[in-house]
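Student: Could you have a look at this structure, given as structure tokens, before my questions?
The values are calculated or read from the model by the stated rules, or taken from the named source; none is laboratory data. The structure displayed is predicted, hence computed values, not measured ones. Quick reminder, even Gly has a Cβ in these numbers, built from the backbone with ideal geometry, and neighbours come from all protein chains shown. Protein only, heavy atoms only, side chains kept; ligands, DNA and RNA dropped before computing areas. Shrake-Rupley method; radii C 1.70, N 1.55, O 1.52, S 1.80 Å.
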Amino acid sequence: MSDVKLTKLAKCAGCGAKVGAGMLQKLLGDLPVKNDPALLVGFERSDDASVYRISDELAIVQTIDFFPPVVDDPVRFGRIAAANALSDIYAMGGEPKVAQNVLMISKAMPDEMVHGILRGGYEKVMEAGAVISGGHSIHGEEPVYGLAVTGFVHPDRVLTNSGAQDGDALILTKPLGVGIYLTAAKAEMLEDEELAQALDQMERLNKAEAMLAFDVHACTDVTGFSLLGHAVEMAEGSQKTLELTASAIPMLPKALELASMGLLPEGMYRNRNFAEAHVELGNVALAFSDVLFDPQTSGGLLIAVAQQDCDALISQLQETCCCAVCIGQVKAQGEKAVILR
Amino acid sequence: MTNVDARGRSCPEPLILTRKALIDNPEGITVVVDNVCSVENITRYAGHEGYEAAREEKDGEWTLKITRR
């Protein structure tokens, strides 16, 4: 293997490279939009993927997601980028079917590095039960990899981030803190085995087809805007208040300690600025709320499910999303979008 | 007092420089940074290590005086 470090070839890592929601609104604001009744979910709402109805029985879910390297191991980077792209399909209640590679390679990258990235992506797409049908590769300044993914969903069973109902239980499928772990790794203040715990989580598919069998009302995947940022979106879209139980929120083992040492990515501060006014943090420690605002790369799903289905869904999810736990419940809309208890 | 000039650097680099400088100068140092992320991260780090960080802002640059608590 060569000694070229994948992460050193990129200026920002993972979902940290994402263009902010405010900026996007400005860029897209005055563009003409064709109204098509078959477009069930478009970008008028900040949802995870778009949904287009083909027939009364079938709709397609489409998403594209790609980013610069989060880790030096090319295979792991490929797996994480693919798991992250596939997650948007799961978040809409869909089943991934066809995927295409999106790849930018820089001159400094040896062939085996590029091959490793693609191999990681293929592994995850295969695990998801989908096929890679092609892709597009260009040369550029920095490495970038991801996938455009198309999935199937029944038009009546589309999950959005805006259907949460009073009394629903909230489930989160992965522990928080990967943004903090990646920052600590960059500062060389994390052991390889510790970083591996975060990478394992990021590689994990949010394979959540089990949701189809239960009374799930809303779903979103927790990525760059953090748990609280995405929770605020779900609360506002559903016109509810999400009440989170602080002690139940899963975190990577060293996330709190690393946060209290100031190993926080810039995105954490952006998320805090954007969402803090809509959240009642109660008396949680600063480091604790830092973790709740930590931008996640390939994070878990946040699921609102009828209370009586919560335990059964969690036990079904154990097979694929082994870290799924209940972290709170949905309440009638109050003053704040999200409150911590 | 030892000065660390971390202007133009993004997180976590200013924190790494601060950490190294504090190991060599355990009595305290002064750090200059030019972004909020670094100000906040270095303040948290200082607190964690038993120091205090007093900040002063001028024209988008912050001087952090890090001293023993």
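Student: Could the peptides B:56-68, B:4-16, A:49-61 be put in order, highest first, of the mean number of other beta-carbon atoms found within 10 Å of their residues?
Tutor: B:4-16, A:49-61, B:56-68
Student: If you count, for every residue in A:281-290, the Cβ atoms of partner chains within 10 Å of its Cβ, what is the mean?
Tutor: 1
Student: Here's another thing I want to ask about it. Let me check against my output: what whole-number percent is the relative contact order of chain A, with C-alpha pairs under 8 Å and at least 6 apart?
Tutor: With pairs under 8 Å counted, the relative contact order is 22 percent.
Student: Sum -39500 (n - 2.57) across every DSSP H segment of at least 4 residues in chain B, then divide by the residue count to get the 222 nm mean residue ellipticity, nearest 500.
Tutor: Estimated from H runs of four or more residues: -11500 deg cm²/dmol.
Student: Please say if the range A:6-157 is rounded, prolate or oblate, where rounded means a/c under 1.5 for a ≥ b ≥ c the square roots of the C-alpha gyration tensor eigenvalues, and otherwise the choice is prolate for a/b larger than b/c and oblate otherwise?
Tutor: Verdict is oblate for the range A:6-157.
Student: Modelling each spin label as a point 7 Å along the Cα-to-Cβ direction, I'd like the A:Asp36/A:His154 distance in nm, to one decimal.
Tutor: 2.4
Student: Return the subset of A:Lys174/A:Lys240; A:Lys11/A:Lys107; A:Lys254/A:Lys331; A:Lys186/A:Lys336 for which the Cα-Cα distance in this structure is over 25 Å, preserving the input order.
Tutor: Violating the 25 Å Cα-Cα cut-off are A:Lys254/A:Lys331; A:Lys186/A:Lys336.
Student: Follow-up question, since we're still on this one. Kindly write out, for the range A:85-94 in residue order, the coupling ³J(HN,Hα) from the Karplus curve 6.51 cos²θ - 1.76 cosθ + 1.60 (θ = phi - 60°), rounded to whole Hz, with x marking Gly and Pro.
Tutor: Residue by residue, the range A:85-94 yields 5, 5, 4, 4, 5, 4, 5, 8, x, x Hz.
Student: Let me ask something else. Can you give the Rg to Rh ratio of chain A, both from alpha-carbon atoms, with Rh computed by the Kirkwood formula?
Tutor: The Rg/Rh ratio comes out at 0.95.
Student: Here's something else I'd like to know. Could you go through the range A:261-268 in sequence order and give the Karplus-derived ³J(HN,Hα) for each residue, using 6.51 cos²θ - 1.76 cosθ + 1.60 with θ = phi - 60°, rounded to whole Hz, and x for Gly and Pro?
Tutor: 8, x, 8, 10, x, 4, x, 4
Student: For chains A and B, what's the summed buried accessible area, probe 1.4 Å, to the nearest 100 square angstrom?
Tutor: In total, this chain pair buries about 1200 Å².
Student: Got a sec? Charge dipole of the protein assembly as shown, +1 on Cβ for Lys and Arg, -1 for Asp and Glu; which of A:Val305, A:Ile327, A:Ser289 is way out at the positive end?
Tutor: Checked the options; the winner is A:Ser289.
Student: Turning to a different aspect of this structure: Just grab the label-to-label distance for A:Arg341 and A:Lys8, each label 7 Å out from Cα along the Cβ direction, in nm (one decimal).
Tutor: Distance between the two pseudo-spin positions: 5.1 nm.
Student: Sticking with this one: Per residue, how big is the convex hull around the C-alpha atoms of the range A:169-340? Give it to me in cubic angstrom, could you?
Tutor: 98
Student: In whole angstrom, note down how far apart the Cα centers of the range A:184-208 and the range A:286-341 are.
Tutor: 20
Student: Which parts of the range A:93-107 would a label at A:Ser137 reach, counting a residue when its backbone N lies under 13 Å from a point 7 Å out along Cα-to-Cβ?
Tutor: Answer for the range A:93-107: A:101-107.
Student: Relative contact order, percent, of the range A:172-280 when contacts are C-alpha pairs under 8 Å separated by at least 6 residues?
Tutor: Relative contact order here is 45 percent.
Student: Within 10 Å, count the other beta carbons around each residue, average over each peptide in A:174-187, B:37-50, and list them highest first.
Tutor: A:174-187, B:37-50
Student: Name the shape class, rounded, prolate or oblate, that the alpha-carbon gyration tensor gives for the range A:242-341, where a ≥ b ≥ c are the square roots of its eigenvalues, rounded holds for a/c under 1.5, and otherwise prolate holds if a/b is larger than b/c and oblate otherwise.
Tutor: Taking the square roots of the gyration eigenvalues as a ≥ b ≥ c, the range A:242-341 is oblate.
Student: Now for a different question. For the range B:14-68, report the convex hull volume of the alpha-carbon atoms normalised per residue, in Å³, without decimals.
Tutor: Hull volume over Cα atoms, normalised by residue count, gives 57 Å³.
Student: What are the ³J(HN,Hα) couplings of the range A:277-289, residue after residue, when phi is run through the Karplus curve with 6.51, -1.76, 1.60 and θ = phi - 60°? Round to Hz, x for glycine and proline.
Tutor: 5, 9, 10, 9, 7, x, 10, 6, 5, 4, 4, 5, 5
Student: Once you keep just the Cα pairs under 8 angstrom separated by 6 or more residues, what percentage relative contact order results for chain B?
Tutor: So the answer I get is 33 percent.
Student: Then there is this: Determine the dipole magnitude for the range A:104-148: charges of +1 sit on the beta-carbon of Lys and Arg, -1 on that of Asp and Glu, nothing else is charged, the reference point is the Cα centre, and the result goes in debye to the nearest 20.
Tutor: Roughly 80 debye for the range A:104-148.
Student: What lysines could a cross-link reach from A:Lys97, if we take a straight Cα to Cα line under 22 Å and drop same-chain neighbours fewer than 8 places away?
Tutor: Result set, ordered by chain and number: A:Lys124, A:Lys207.
Student: Quick one: net charge around A:Lys174, please, counting Lys, Arg +1 and Asp, Glu -1 for every other residue with C-beta under 14 Å from its C-beta.
Tutor: Within the 14 Å Cβ shell, the charges total -2.
Student: List every residue whose amide H lies under 5 Å from the amide H of A:Gly93, counting only residues 5 or more places away in sequence or on a different chain, with H placed 1.01 Å from N in the peptide plane.
Tutor: A:Leu159
Student: Among A:Tyr181, A:Ser315, B:Ile23, flag the residue with its Cα farthest along the positive direction of the charge dipole of the protein assembly as shown, charges on Cβ as +1 for Lys/Arg and -1 for Asp/Glu.
Tutor: B:Ile23
Student: Listed highest first by mean packing, meaning other Cβ atoms within 10 Å per residue, what order do A:128-134, A:87-93, A:285-291 come in?
Tutor: A:87-93, A:285-291, A:128-134
Student: Roughly how many Å is it from the Cα centre of the range A:210-267 to that of the range A:38-109, as a whole number?
Tutor: 20
Student: Report the one residue of A:Thr245, A:Pro155, A:Thr223 whose Cα lies farthest in the direction of the positive end of the charge dipole of the protein assembly as shown (charges on C-beta: Lys and Arg +1, Asp and Glu -1; origin at the Cα centre).
Tutor: It is A:Thr223, whose Cα lies furthest towards the positive end.
Student: Could you give the size of the charge dipole of chain A about its Cα centre, using +1 on the Cβ of each K and R and -1 on the Cβ of each D and E, expressed in debye and rounded to the nearest 20?
Tutor: For this selection, approximately 540 debye.
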